[in-house]
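A short worksheet on the structure shown next.
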Amino acid sequence: MPTETFPSTAVPATSDEKHVIDLVDELLSDLPPASTDPVAFLGAQYDRGLAWVHFPVGHGGLGLSPKYQKIINERVFAAGGPNAYFRNPIGYGMCGPTVVEWGSEEQKRRYLRPLFTGEEVWCQLFSEPGSGSDFAGLSGKAVRDGDEWLVNSQKVWTTLAHVSKFGLLVVRTDPEAVKHAGLTAMVVDMHAPGVEVRPLRQMTGEAEFNEVFFTDARVPFAETLGKPGDGWRVSLTTLMNERVAIGGMIPPKASGPIAEALRLWSKLPAQERSSATREELMQLYIRAEVLRLTNIRAGQMRKAGVPGPEGSIGKMASADLNKDTYAFCMHLMGANGMLYGDYALTRPRTAMGPVDALQKAFLRSRANSIEGGTSEVMRNILGERVLGLPGDVRVDRDRPWSEVPRN
Ligand SMILES: Cc1cc2nc3c(=O)[nH]c(=O)nc-3n(C[C@H](O)[C@H](O)[C@H](O)COP(=O)(O)OP(=O)(O)OC[C@H]3O[C@@H](n4cnc5c(N)ncnc54)[C@H](O)[C@@H]3O)c2cc1C
């Protein structure tokens with residue numbers, strides 16, 4: 001649930017806005033966050049349509065414009081209320097919007113509420129060892145067996161699979177179709193027989209992601225999202241939401257990584273504040289501000305119903321900026337930048353929480369230009385769709401997946 005900060009306007013509150021504000025104030029007064037269990041609070045927030053305000057009534061929303069979610073979030077957080085996004089980042093940011101768009105009524109009723117409260121954490125089972133950027137070429141398969149799918153697949157990089165109750169799985173169900181057409185999406189129970197989760201350790205010492213093996217795992221056919229063969233379109237819903245969740249945040253001015261750099265700089269002894277370092281700091285500051293303004297523009301375009309290329313720009317620019325800013329922090333810290341508390345293997349319960357040390361933030365930031373689509377792939381998208389440059393070579397697009405040569 002990233003928060004968006006827009007320039008204030010003098011426009012009076014609309015009746016929808018007033019209605020939303022009244023509902024939030026009622027929620028906060030009926031269930032004061034300080035004395036209410038977070039799950040109970042979030043459950044009530046869902047029941048009153050304040051979870052995803054643009055979702056349909058009865059499924060956590062009020063069928064209103066998504067712009068009102070910002071008002072809700074700001075009021076809830078200011079009152080010390082819980083943050084559904086931090087409790088279940090992939091569930092709230094990506095799987096919920098996918099279930100509401102593609103799920104049956106039964107699936108929406110069953111999954112959305114506990115997903116929002118964080119009682120049931122979700123993970124995204126897309127990437128495979130041989131298919132990351134070219135995710136549509138994946139080879140994990142499911143075969144229909146009566147009322148079930150029989151799944152055999154290996155997934156990788158699955159963030160938070162170790163704490164997840166459900167996963168959003170995409171597998172190949174028709175190898176004779178062209179690659180994008182042969183995929184199917186389904187909801188899997190991560191504790192079902194035949195599903196095995198193994199930790200993958202990162203250079204921070206943590207294992208926030210995993211490998212997941214499916215060996216003759218059975219998934220009820222009723223858990224298909226959309227129809228068989230819709231998997232690519234379903235996953236586009238997930239990936240669009242992922243890009244915005246990762247790169248589209250609009251933090252307050254001069255906050256986040258650039259605030260860390262400014263803090264370090266201000267503590268440096270005067271003789272260490274060289275003009276070259278100051279110049280570098282200013283460049284980073286300008287990039288942070290340009291990104292913030294670009295994301296504000298992207299947010300306004302989305303609200304107006306014309307999402308532009310800013311989603312990919314924001315994802316790419318925030319990845320590079322995070323990496324460069326934390327590298328700069330390490331430079332300012334000198335030899336202290338090499339000190340690292342503890343490489344013990346830990347299994348975090350969230351992937352989006354605050355990092356406790358700058359050295360760790362620096363190491364974790366290296367993944368920013370890979371996760372959610374690499375910066376090279378973002379450049380391809382921008383080159384082709386925005387600048388109109390010649391397309392990437394795609395020799396497999398019109399051939400049945402089974403006939404495409406692969407290792
Ligand atoms: C921290 C983290 C968390 C993640 N969490 C999840 C998750 O929860 N669920 C999930 O399904 N996946 C997850 N991923 C996987 C992520 O989506 C993939 O790593 C990413 O899409 C890249 O795929 P790949 O690693 O297979 O690299 P590859 O696709 O093999 O790419 C290798 C290199 O080749 C470049 N490259 C590839 N194709 C092109 C091209 N056409 N043009 C130019 N360059 C190209 C890439 O940019 C990269 O540098 C996560 C990754 C990270 C780092």
| Q107 fails exactly one of the following numbered conditions: (1) among the polar types (S, T, N, Q); (2) surrounded by 21 or more Cβ atoms within 10 Å (Cβ to Cβ); (3) modelled with pLDDT of 95 or more; (4) in contact with a strand residue (DSSP E or B) (Cβ under 9 Å, 6 or more places away or on another chain). What is the number of that condition? | (2)
| request: Tell me, yes or no, whether segment 325-346 has at least one residue that is buried (at least 22 other Cβ atoms within 10 Å of the Cβ), over 20 Å from W265 (Cβ atoms) and of a type in the set (D, E, K, R). | output: no
| field | Answer residue from segment 186-217, given it is free of Cβ contacts under 8 Å to residues at least 40 places away in the same chain and of a type outside the set (A, V, I, L, M, F, W, C) and is farthest from the ligand (Cβ to nearest atom) among those | value | P193
| remark: Filtering segment 373-407 for residues that are farther than 25 Å from M240 by Cβ and either surrounded by 14 or more Cβ atoms within 10 Å (Cβ to Cβ) or among the hydroxyl-bearing types (S, T, Y) (or both) leaves a count of 3
| request: Among the numbered conditions (1) modelled with pLDDT under 90; (2) surrounded by 11 or more Cβ atoms within 10 Å (Cβ to Cβ), tell me where G305 comes up short. | output: (2)
| Among the strands (runs of 3 or more DSSP E) confined wholly to segment 75-159, which include 3 or more residues that are within 10 Å of the ligand (Cβ to nearest atom) and within 21 Å of G194 (Cβ to Cβ)? | 122-125
| Scanning for something within 16 Å of the ligand (Cβ to nearest atom), surrounded by fewer than 24 Cβ atoms within 10 Å (Cβ to Cβ) and either assigned to a loop (DSSP other than H, G, I, E, B) or among the aliphatic types (A, V, I, L, M) (or both), does segment 161-172 turn up at least one residue? | yes
| query | Before we move on, is T204 assigned to a loop (DSSP other than H, G, I, E, B) and either hydroxyl-bearing (S, T, Y) or in contact with a strand residue (DSSP E or B) (Cβ under 8 Å, 6 or more places away or on another chain) (or both)? | reply | yes
| task | Considering each of P66, P56, P114 in turn, give the residue that is under 28 Å from R243 (Cβ atoms) and at pLDDT below 95. | result | P66
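The values are calculated or read from the model by the stated rules, or taken from the named source; none is laboratory data. What you see is a predicted model; the values in this text were computed from it and never measured. With ideal geometry, Cβ positions are generated from the backbone for all residues, glycine too; neighbour counts draw on all protein chains shown.
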